1. Which value, in debye to the nearest 20, gives the size of the charge dipole of segment 108-157 about its Cα centre, when Lys and Arg are +1 and Asp and Glu are -1 at the Cβ?
2. For the chain, what number of Lys pairs, 8 or more residues apart or on separate chains, have alpha-carbon atoms under 28 Å from each other?
3. If R₀ is 45 angstrom, what is the calculated FRET efficiency for the pair residue 101 and residue 160, using the beta carbon separation as r and rounding to 0.05?
4. Among (i) 106; (ii) 203; (iii) 139, which is the computed volume of the Cα convex hull per residue in Å³?
5. So, for the chain, what is the accessible surface per residue at a probe of 1.4 Å, expressed in square angstrom?
6. Among 51, 119, 41, which residue has its Cα positioned farthest towards the positive end of the charge dipole of the chain, with +1 placed on the Cβ of Lys and Arg, -1 on the Cβ of Asp and Glu, and the dipole taken about the Cα centre?
7. Once amide H atoms are placed 1.01 Å from N in the peptide plane, what residues at a sequence separation of 5 or more from residue 105, or on another chain, have their amide H within under 5 Å of its amide H?
8. By how many nm would the segment from residue 22 to residue 114 grow when fully extended, if each residue of separation counts as 0.36 nm and the alpha-carbon distance is taken off?
Amino acid sequence: MEYVAPDGRDRIIPRFHIKPVRNNFLSEKEGREVWHDVEYVELIVPGDNKNIVDVAVKDEHRDRWPTKYAAFKANMEAPESGTPLEEWAGVGRSQVIELNSVHIRTVEALAGLSDSQLAKCVPMGGQALRAKAQRFIEQTEAEKPLAEMTQRIRELEEKLTAALEAKAEKEAA
């Protein structure tokens, strides 16, 4: 997206942000939703609310708006990997907001809290919530072999279908 005004100034407004993106490979491998935080930039042309583009940050974005990108990085926390609380059925929306306010953003982070951290972050019902998160992780670990087998079966079915189609085409020719 290139938009330069007649006076030569860049008119695009970049808004850098973090967006959770599903890691399809790890989600299939582990048999549960796995997401990673990815840097995105929203490119806005002033006065045009229909022409807003949201794309993953590339070097060209960092080079074009270095001061805005640096400001974004200065206020950003380190990206986290795991199952976002928003994607887990074990908590409600208000509890997600509450946990995010104390920098707990994944089920794995919640499951790994010590008793003292838990008492500070979730004083009411915290131990039950942590136990629920730990059970979720244990369950997905236990289901991992089944998920891997299921993925392998899908791959073999696709290969078999392709081989049968190729054989049918060869016989028809």
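1. 260
2. Summing the qualifying lysine pairs gives 22.
3. Here the calculated transfer efficiency is 0.30.
4. (ii)
5. 67
6. 119
7. none
8. 30.3 nm is the gain from fully extending residue 22 to residue 114.
The values are calculated or read from the model by the stated rules, or taken from the named source; none is laboratory data. Quantities reported herein were computed from a predicted structural model and do not represent experimental measurements. Don't worry about glycine lacking a Cβ; one is built from the backbone with ideal geometry, like all the others, and counts go over all protein chains shown. Side chains included, ligands, DNA and RNA excluded: accessible areas come from the protein's heavy atoms. Shrake-Rupley method; radii C 1.70, N 1.55, O 1.52, S 1.80 Å.
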